[in-house]
Amino acid sequence: MSILLEGISKAFGSKVVLDRIDLEVREGETVAVIGGSGVGKSVLLKTIVGLLEPDAGRVVVDDQVVTELSREHLYELRRRVGYVFQFAALFDSMTVKDNLAMGLRRIAGMDAEERAHRTEEALRLVEMEGYEGQLPGQLSGGQRKRVGLARAVATRPKYLLYDEPTTGLDPVTTSVIDRLILKMDEELGVTSVVVTHDMTSAYRVADRIAMLYDGRIRFTGTPAEIQAADDPIVRGFVEGRPELMQESTA
Amino acid sequence: MFRAMNGVWGAPIAWVGRSALGTAGGFGQFGRFMARVGRSVADTRTWSAVVVVQMARIGVSSLPIALFIAAFTGIVLALQASYTFTGAVPLYFVGVLVGKTMLLELGPVLIGLALAGRVGANIAAELGTMRVTEQIDALETLAYDPLAYLVVPRIIAGVVMFPLVVAFADATGVVAGWITAINLLDLSTPEFVRGLRLFFLPFDVTYSMIKAGSFGLAVTAIGSFYGFTTRGGAEAVGRSTTQAVVVSSMLILVLDAFWAVTLL
Amino acid sequence: MSAPAEVRVGLMVLAGLALIVVGTIWMQGWRIGAEEREVVAWFREVGQLQGGNPVKLRGVPIGRVESLALDQRSAGVIIRMSISSEVVLPEDPVVILSPESLFGDWQAEIFPRSRYPFYSYAVSPSVEMLPGYSLPDVSRLTAVADRIAENLAVITDRIDIAFTDETAVNIRQAIDNIQEVTARLTGLVEAQGRTVEDLAAGLEMTTATLNEAAATAGRTFSRIESSIAQGELTRIVENVERVTLQLDSLSRSLGTVTGELGGAVGNADSAFSALNGILTELEAGEGTLGMLLQDTALYRELVTTNTLVQDLLEDFQRNPRKYINLRVF
Ligand SMILES: Nc1ncnc2c1ncn2[C@@H]1O[C@H](COP(=O)(O)OP(=O)(O)O)[C@@H](O)[C@H]1O
Ligand SMILES: [Mg+2]
């Protein structure tokens, strides 16, 4: 009941984005993946649910080898995984309620009443009650992100993958979302991967933090460990001091 | 010598080479895409829920523009036929020309080209936007096969609705030509109808419908392909849209010739 | 948006399918609600007739051809027509197939036999079926002229070698017929000549050749008539040979003009193949040429040839424009 990445490599053309990544997320654990923009955090997250196929390596989720699953089994597995997209990726031709219902419709034996109930519950969780009938275009960026989160949790998944859930949000909304991530973890025992470059959020929600740098995992450890790290690259990123990172590469 | 070639001809020759490779690669990619779409047709549960909406968007909403085009085509056909036939050919041949041309060629092809612009561009833009905003990925994570959910219903709607749109267009063109013939030309209804029926074969209708169906397939499949394979941002969506229209228009003309060779 | 998508799509699909079905039927000339009945006719061959062609009575469309089927057992063609049930067919009805217009579409016309008694109607194997006759196509005129020439050549050869008084009668009858045909050809050509003036030079040449041939033939035949009585065989032979040559070149000119119909020339008329068969047989066998001339088979074949040409001429005279205009395009 965990997520396991073994030797994942991924290149686009000649550009190597991931280079033999190993990462384990244990059951119930929340791991934050940090790293600069364009370093491949989203690519890493997408390989976990098979949205991108790695060039090499193995992905194991919930004891199933994602990279070897048939399409039917992959879809079966995806029902147990919620994915929160960086820019929400709401279906813009559908209302908020219909966006949430999309995932619920794939759950066998769920009637309309139950769907309405779950939708309501998920929207309450992200404090977006009353927006059921709105179209995504009518929402602000922060609201869209919250609806995206609601859509991912509405199906009550065992795994949650967040792609920069707090980027671009105001501090209040950020802490609302952070609390929500913690709540999902604590109440439902969800296993999560949170991709972020917001260290405050990472410290708040993560049991462990992994830093992605130059195609490799540069560092893995608890928040306390990462704060004590003396790798200049890690410190430069964590403390927001690019000069440290430059010195080391020079 | 090669250096000189490089200087003057290098760029165009390289361009031809790249285009040829690109075209061949494009065919392969399109073929694989269609093979995957074919497999996704089996997922009836997913596409059956949304196919009616696509039929309304692709078929019903295309009707006004199609009928508009057809009406004017019919009028022009009648006038030009009478102009061409001056003296030598009996005037009831206006009916022959309007009926045959409308059914066999202009109905399907003009409507096909118009809908390549309308429907094809629309599909490419919509799916392209969904691709670059990760909505297609989102569908995947919600356990939907995006081909079954997005592409199959559009293609089915195209194949089913294009022939119906063209049937209405054929009829509109013929009626417009008829009205023109009896009002602006020295022709009576019985004469026009005689011409209309003179060389009519039921196969003409079948031919028109086969053509329209294949155009529906071409326009929706090409639009879906370019939309689905969009990479990048808003600019890429624009590029996909343009390409979808250009390629599906060309494919319509190629198919037109293909059917003429194989079926006539 | 007014109605939901399902309703709009449903309406469009139903209306579209109805349009396709009703439109197709209407285009085929179906009058909804009209009572119809079936008429069947029997033909030796049917020219360019197709299903859907009109059936007419005294020029009025009364129905259409439904189907054409080969009758394997009796080497004929069975045509089924449906006609309006109010229409009363004439006494002793026959069906004649002919081109309806100059563009190759044919029609089936119902006549009382008395109107065109001399056509060789195909005798139907069943009483239910009306006798039918298909007018020869213009392209066959060329073929016919060609064969007349050939046959005349053959006859000439034979006359040259053997000639008896007995056969003189037969020959004169045959020649009478040929003469009549030639006269008709001449009349036709003259009539056409006026219409044709502004047509292609090739056709004018043909006309001229035809005229000349006909004139020579006329002269020759009148001499034959008198000479037979006097037994001046040599001159007969010479004259017939000349006619033959003329007709030969006529048929060749016609062949050039009707080049586009050349394919049809190849269709040998059964009468002529039969004739050729007989001739070769007799030549190969013990039969003497005298016997051949005495044999009424030759005479009969000549008569058949005449009938064929006469049919064609009748149609020419009825609808000259049909044939003449064909050249314009
Ligand atoms: N589908 C793709 N095709 C080509 N290049 C891609 C694709 N997806 C991501 N990349 C490239 O991979 C790199 C990592 O991207 P990404 O994972 O989105 O970065 P981030 O860490 O900011 O999430 C970027 O340089 C991006 O251009
Ligand atoms: Mg990213």
Scan the strands (runs of 3 or more DSSP E) fully inside the range C:37-114 and keep the ones with 3 or more residues being away from chain B (no Cβ under 14 Å) and under 19 Å from the mean Cα position of the chain (by Cα). C:76-84, C:93-99, C:106-112
Residue that is farthest from C:Leu68 (Cα to Cα) [pool: residues in the range C:92-124 that are loosely packed, with under 15 Cβ neighbours inside 10 Å and at pLDDT 85 or above]: C:Ser114
Quickly run through the range A:202-233 and pick out the residues that are within 13 Å of the chain's Cα centre (by Cα), of a type in the set (Gly, Ala, Ser) and part of a helix (DSSP H, G or I). A:Ala202
Would you point out which residue out of B:Val96, B:Val16, B:Val53, B:Val109 is assigned to a helix (DSSP H, G or I), away from chain C (no Cβ under 14 Å) and either in contact (Cβ under 8 Å) with a residue 12 or more places away in the chain or among the basic types (Lys, Arg) (or both)? B:Val109
The number of residues in the range A:19-41 that are in contact (Cβ under 8 Å) with a residue 24 or more places away in the chain and either within 15 Å of ligand 2 (Cβ to nearest atom) or buried (at least 21 other Cβ atoms within 10 Å of the Cβ) (or both) is 13
Name the residue, out of A:Val60, A:Val16, that is surrounded by fewer than 22 Cβ atoms within 10 Å (Cβ to Cβ) and within 15 Å of ligand 1 (Cβ to nearest atom). A:Val16
Could you go through the range B:140-152 and let me know if any residue there is crowded, with 19+ Cβ neighbours inside 10 Å and at positive phi. yes
Test set (1) of a type outside the set (S, T, N, Q); (2) surrounded by fewer than 23 Cβ atoms within 10 Å (Cβ to Cβ); (3) within 16 Å of ligand 1 (Cβ to nearest atom) - A:Leu44 fails condition number: (2)
Quick count over the range A:26-50, residues being in contact with a strand residue (DSSP E or B) (Cβ under 8 Å, 6 or more places away or on another chain) and more than 25 Å from A:Glu239 (Cα to Cα), is 7
Elements of type helices (runs of 4 or more DSSP H) contained in the range B:114-209, each with 3 or more residues being more than 12 Å from chain C (Cβ to nearest Cβ) and farther than 30 Å from C:Gly51 by Cα: B:121-132, B:135-141, B:152-184
Among the numbered criteria (1) under 11 Å from the mean Cα position of the chain (by Cα); (2) more than 14 Å from every other protein chain (Cβ to nearest Cβ); (3) within 16 Å of ligand 2 (Cβ to nearest atom), which one does A:Ile48 miss? (2)
Find all pairs meeting these conditions: Cβ atoms under 8 angstrom apart; at least six residues apart or on different chains; first residue within the range A:59-88 and free of Cβ contacts under 8 Å to residues at least 60 places away in the same chain and more than 9 Å from chain B (Cβ to nearest Cβ); second residue among the aliphatic types (A, V, I, L, M) and in a loop (DSSP other than H, G, I, E, B). A:Val66/A:Val49
Regarding A:Lys97, is this residue among the basic types (Lys, Arg) and within 16 Å of ligand 2 (Cβ to nearest atom)? no
Counted residues, the range A:154-178 - those being within 13 Å of the chain's Cα centre (by Cα), of a type in the set (A, V, I, L, M, F, W, C), more than 16 Å from ligand 2 (Cβ to nearest atom) and within 12 Å of chain B (Cβ to nearest Cβ): 1
Within the range A:21-41, considering residues that are closer than 18 Å to A:Ile181 by Cβ and more than 14 Å from ligand 1 (Cβ to nearest atom), the one nearest to the other protein chains (Cβ to nearest Cβ): A:Val25
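Here is a yes/no grid of residues against (1) small (Gly, Ala, Ser); (2) out of contact with any Cys (no Cβ under 6 Å at 6 or more places or on another chain); (3) within 16 Å of ligand 1 (Cβ to nearest atom):
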position	(1), (2), (3)
A:Gly50	yes, yes, yes
A:Pro54	no, yes, yes
A:Gln64	no, yes, no
A:Gly82	yes, yes, no
A:Ala116	yes, yes, no
Mind listing just one residue for me: the one in the range A:179-223 that is among the polar types (S, T, N, Q) and exposed (fewer than 15 other Cβ atoms within 10 Å of the Cβ) and, of those, farthest from ligand 2 (Cβ to nearest atom)? A:Thr222
Residue among B:Thr73, B:Thr46, B:Thr101 that alone is over 30 Å from B:Arg197 (Cβ atoms), in a helix (DSSP H, G or I) and in contact (Cβ under 8 Å) with a residue 24 or more places away in the chain: B:Thr46
Return yes or no: is A:Val16 part of a strand (DSSP E or B), more than 16 Å from ligand 2 (Cβ to nearest atom) and either more than 20 Å from the chain's Cα centre (by Cα) or at positive phi (or both)? yes
For the range B:210-225, give me the residue count where each residue is of a type in the set (D, E, K, R) and within 12 Å of chain C (Cβ to nearest Cβ). 0
Identify the single condition in (1) polar (S, T, N, Q); (2) farther than 21 Å from A:Glu27 by Cα; (3) within 14 Å of chain B (Cβ to nearest Cβ) that A:Ser140 does not satisfy, given that it satisfies every other one. (3)
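The values are calculated or read from the model by the stated rules, or taken from the named source; none is laboratory data. Computed from a predicted structure; not experimentally measured. All Cβ positions, even for glycine, are placed from backbone atoms using ideal geometry, and neighbour counts span all protein chains on display.
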